[in-house]
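Only one structure is covered here, and it is reproduced in the block below.
Coordinate-derived values only; no laboratory data. All values derive from a computational prediction rather than experimental measurement. All Cβ positions, glycine included, derive from the backbone under ideal geometry; neighbour counts span all protein chains shown.
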Amino acid sequence: MYEQISHSLLNSILDELRPEIKRQNLRHFYTRLGANFYAIHSLFSTLYGDRDDFQAQMVRLVETMAEGYIYRSEESERLDMSREQDHNWFLSQKWVGMALYTNGFAENLADLANKIGYFQELGVNMVHIMPILKCPIGKSDGGYAISNFREIDGRVGDLNDFQKISEQFRKNDILLVLDIVLNHTSDEHEWALKAKAGDPHYQNYYLTFEDRSVPDVFEQGMPEVFPETDPGNFTWNEEMGRWVMTVFHDYQWDLDYRNPDVFIEILAIVLFWANQGVDVLRLDAVAFLWKKMGSTCQNERKAHLILQLLKDCCQVTAPGVLFIAEAIVAPGELAKYFGEDAIVAKECEIAYNATLMALLWDGIATKNTKLLREGIKSLPSKLDRATWLTYVRCHDDIGFGFDDRDISAVGYEPHSHRMFLIDYFSGKYDDTSRGLVFMRNEFTGDARICGSLASLAGLESALESGDQARIDRAISKILLLNSVIMSFGGIPLLYNGDALGLLNDYSYSGDPSKANDSRWVHRSKIDWEKAALRHQRGSVECRIFTAMKRMISIRKEISAFADFNNRELLHSDNEHLLCYLRFNPLRTSDKVFVVANFDDHPQRLELESYSRYGINPRGNYVDLFSGVRPSQYEGCIALQGGQFYWLSEN
Ligand code: OTU
């Protein structure tokens, strides 16, 4: 399409809109629609242009956006406008996030309001409420198998409670993050029920096949996400007499985005939640959105087009709302979720930095930073107006998905190195880490690891041993990992009880609906009586919490920690140290030298070797985190095992 005819096309579509929509005052909506229409139309026609009903679908698409706008509250619109003006607002270092399960953190949504004090005490101002929508009991995948996208699970509350918490958050300057599970639905979702009953309209929402011929070809290219419990990517449905694509669990039916009805339904859901006061939407499993026979069915170009279209449409209706891409994929693929071929992010503004997360754990296991540094070097640079979620733990397992080339480059053999990591974190190597092996693949030997931050870092085993030195070491490691996600660039995302040193909880094994999914070991409920120990000097909880609180408040003061591609990784001769420089792009003299010692033993930082990066070897340094001036000896600074510094010269 020529850009010139975009205007007349837009007018022809506006002519066809339903009269109720036409009557509304849509001034801001139309300005934004005009600005985005060329892109929206191009994307929509690349995806669906060969259909006879293309024009009618296009009208429905615009109606869906317009309806979303009509229901947008004045307050949300005010925020939209102010965020449009200050469009880099989320790159600031002032944001610190936390992800939690409503019923693991509080009793329910209403009770979550009582926990706002905890967020404020710690300094958290972005809260990801893990999925709370209706799911069948026992077949929920922790909330990711949704049977109604507009209804809240009765056990945590209702829409009314949600509105209240969203208002409370807003009043307290806390951003609200919610999941949109757009790759699949529960097999008990109304669409799936209708499909099962034989309705061809809804059968076209999913990928269903009468025999194994097509599924067999698909299977050749597709890996398995849950090989132990849900091998294969298709499930036979007796009622329909057809095979259904089910990449995750057999009760999670993959949606078919070749069908524009699916796209429009999901867009309406996105806008519905945007209008409930959600600031950021976490788009689950985005890598899987487009299925192409013969491929792995991940990271397909059209998956990116779907996301770009979703972003463009949301931009018209609710421009203040951000997207997080949850794409746990190879490092080279990761940055594409900010927007392929773009300069400024135009898919998701935020993406999980799963590569950094896995690399950090490699540093813990090997006690050196060889792979960590190599991996950071090959991290693709991100676009403008885009940022990472930096995290150490989340509700899922840890996969060691680094690039094989990086592993080889630092002198390890990729397969055996990964096996070492699995042994290390499952405590087979030494008895430090208390992780559980997750989803071992019989054929490849590959596996992932579950466990809470504290248990993986050695706190559980240390407490059992009663050995004070081991306890100290585990606490140092917990803080070391957090010091990196706080200073690396991006929005740090803490998980549930991590600031309290929450250990593994093995009780899930007594619940048949959870027993075969060891991710539940780190989805435990916070015991608030125990959490009160954070105020008792000397307790483990207090040591971790106080340091985290301090780290957060100091991070917020350091402008060099905002995320503007202002990080330089420094080469260090000492393989145990991770060193990088963060600088304020507007005032380059304003810089922080971050050093983290991944070894258990003391190490020296030889300042002279960093002089080529502008570090003054004879400078006087202060550690911004502790406020202490580290003692220097002949141009060297000493670090204890597991210690980090945020050094500033003054
Ligand atoms: C996501 O997970 C969610 O975070 C998981 O909790 C869900 O089980 C899953 O989607 C299905 O909804 O899709 O792009 O344990 O790391 O499946 C990555 C495997 C995902 C998860 C992976 C991830």
Notebook entry, point to check: Got a sec? Charge dipole of the stretch 373-459, +1 on Cβ for Lys and Arg, -1 for Asp and Glu; which of SER381, HIS415, GLY399 is way out at the positive end?
Noted result: SER381
Check: In the stretch 1-136, with Lys and Arg counted as +1 and Asp and Glu as -1 at Cβ, which of these residues, LEU133, GLN85, HIS41, has the Cα nearest the positive end of the dipole, that is, farthest along it?
Finding: GLN85
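Under the Kirkwood approximation for Rh and a Cα-based Rg, what ratio Rg/Rh is obtained for the stretch 281-340? Before the final figure, lay out each step's value.
Numbers: Rg = 11.7 Å, Rh = 12.0 Å.
Rounded to two decimals, Rg/Rh equals 0.98.
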Next item on the list: Rounded to whole Å and sorted largest first, list the principal axis extents of the Cα atoms in the stretch 74-152.
Entry: 45, 29, 22
Check: If one computes the Cα centroid of the stretch 406-474 and of the stretch 19-78, what distance in Å separates the two points?
Finding: 50 Å
Check: Under the rule of -39500 (n - 2.57) per DSSP H run of 4 or more residues, summed and divided by the residues of the chain, what mean residue ellipticity at 222 nm is obtained, to the nearest 500 deg cm²/dmol?
Finding: -11000 deg cm²/dmol
Next item on the list: Just the ratio, please: alpha-carbon radius of gyration of the stretch 1-139 over 2.2 N^0.38 Å, N its number of residues.
Entry: 1.45
Check: Given a cut-off of 12 Å, what percent of all Cα-Cα pairs of the stretch 444-504 lie beyond it?
Finding: 70 percent
Notebook entry, point to check: Taking Cα centroids, how far is the stretch 545-563 from the stretch 142-209 in Å?
Noted result: 35 Å
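What is the dipole size for the chain, taken about its Cα centre, with +1 at each Lys and Arg Cβ and -1 at each Asp and Glu Cβ, in debye to the nearest 20?
Values: 68 positive and 92 negative charges, 415 e Å.
Here the size comes out at about 2000 debye.
What GluC sites (Glu not before Pro) does the stretch 118-219 have in DSSP loop regions with at most 14 other beta carbons within 10 Å? Please list the in-between numbers first.
On the way: sites: GLU121, GLU151, GLU167, GLU188, GLU190, GLU210, GLU219; in loops: GLU188, GLU210.
Those that pass, being in a loop and sparsely packed, are GLU210.
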Notebook entry, point to check: How large is log10 I(q)/I(0) at q = 0.20 Å⁻¹ when the Debye formula is applied to the Cα atoms of the stretch 456-601, each weighted equally and without solvent?
Noted result: -1.24
Next item on the list: May I ask for the Kirkwood hydrodynamic radius of the stretch 566-649, worked out over all distinct Cα pairs and given in angstroms to one decimal?
Entry: 12.8 Å
Checklist line | Calculated Rg and Dmax of the stretch 305-402 using C-alpha coordinates, Å | finding: 14.6, 49
Check: Gap in Å between the Cα centre of the stretch 578-650 and the Cα centre of the stretch 297-329?
Finding: 39 Å
Next item on the list: Treating cross-link reach as a plain straight distance, find the lysines whose alpha-carbon is under 19 Å from the alpha-carbon of LYS336, omitting any fewer than eight places away in the same chain.
Entry: LYS291, LYS292, LYS302, LYS311, LYS346, LYS377, LYS382
Notebook entry, point to check: Kirkwood hydrodynamic radius for the stretch 143-193: how many Å is it when counted over pairs of different Cα atoms?
Noted result: 12.5 Å
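Longest exposed-loop-site-free stretch of the chain, with chymotrypsin sites (Phe, Trp or Tyr not before Pro), DSSP loop and at most 12 other Cβ within 10 Å? Let's see the in-between values first.
Working: sites that count: TYR2, PHE443.
With a cap of 12 other Cβ atoms within 10 Å, the longest stretch comes to 3-442.
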Next item on the list: Calculate I(q)/I(0) for the chain by the Debye formula, one identical point scatterer on each C-alpha and no solvent, and give its log10 at q = 0.05 Å⁻¹ to two decimals.
Entry: -0.23
Item checked: Compactness of the stretch 178-301 as Cα Rg over 2.2 N^0.38 Å, two decimals -> 1.06
Item checked: TYR429 long-range amide H proximity, modeled H, under 5 Å -> TYR424
Item checked: Separation in nanometres of the label points that stand 7 Å from Cα toward Cβ, at GLU529 and ASP341 -> 6.1 nm
Margin query: Along the Cα→Cβ direction, 7 angstrom out, place labels at SER92 and VAL214. What is the inter-label distance in nm?
Written below: 5.0 nm
